[in-house]
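Here's the structure we're looking at; comments come further down.
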Amino acid sequence: MNPAIARRNVEKQIARNPTDIWIKRIVEMGDGAGGTIQQEITLPVQIVRIFLSSLGQTREIATEAVQMQVQRWGMLARWDADIQVGDTFTAQGRSFRVRGINQAATGGEVVALHVDLEEVS
């Protein structure tokens with residue numbers, strides 16, 4: 001398949017159930033005295049598609065006080081989306097953290113980003 005056609009198909013899939021997100025990212029910046037500081041920045045809006053990635057599958061989290069099950073979430077983004085592991089955002093009344101990113105390629109060119117999300121509170 002032609003990469004341009006594959007990218008258009010991804011955009012159509014996102015448009016079927018789009019969500020606007022503003023990603024927050026921690027970056028290191030110079031402090032002016034030779035050191036660095038960590039600062040949170042907010043990126044421009046990106047349009048993505050968020051979905052339950054494994055309906056019925058859950059991941060168990062156990063702590064000393066409680067054991068809970070967490071739904072697995074995924075996100076489909078354009079090939080040129082600015083998304084990194086560790087980024088956070090809020091959408092659909094939930095807070096998410098990016099756990100992993102897989103690039104989908106056609107003809108050696110990236111045509112989409114498949115993102116593994118973790119719901120955080």
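The values are calculated or read from the model by the stated rules, or taken from the named source; none is laboratory data. Keep in mind the model is a prediction, meaning the values are calculated, not measured. In this analysis, Cβ positions are derived from the backbone assuming ideal geometry, glycine residues included, and neighbour counts consider all displayed protein chains.
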Any hit, segment 94-107, residues being surrounded by fewer than 16 Cβ atoms within 10 Å (Cβ to Cβ), touching a residue at least 12 places away in the same chain (Cβ under 8 Å) and not in a strand (DSSP E or B) = yes
In segment 71-93, what residues are surrounded by 12 or more Cβ atoms within 10 Å (Cβ to Cβ) and among the hydrophobic types (A, V, I, L, M, F, W, C)?
-> W73, M75, L76, A77, W79, A81, I83, F89, A91
Give the residue that is surrounded by the most Cβ atoms within 10 Å (Cβ to Cβ), with candidates limited to residues of segment 11-37 that are in contact with an Asp or Glu (Cβ under 6 Å, 6 or more places away or on another chain) and part of a strand (DSSP E or B).
-> R25
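Kindly check whether there is at least one residue in segment 69-85 that is more than 26 Å from I14 (Cα to Cα), at pLDDT below 90 and not acidic (D, E).
Narrowing segment 69-85 to residues more than 26 Å from I14 (Cα to Cα): 69.
Okay, now just the ones that are also at pLDDT below 90, so 69.
Checking which are not acidic (D, E) leaves us with 69.
Scanning segment 69-85 turns up at least one residue that is more than 26 Å from I14 (Cα to Cα), at pLDDT below 90 and not acidic (D, E).
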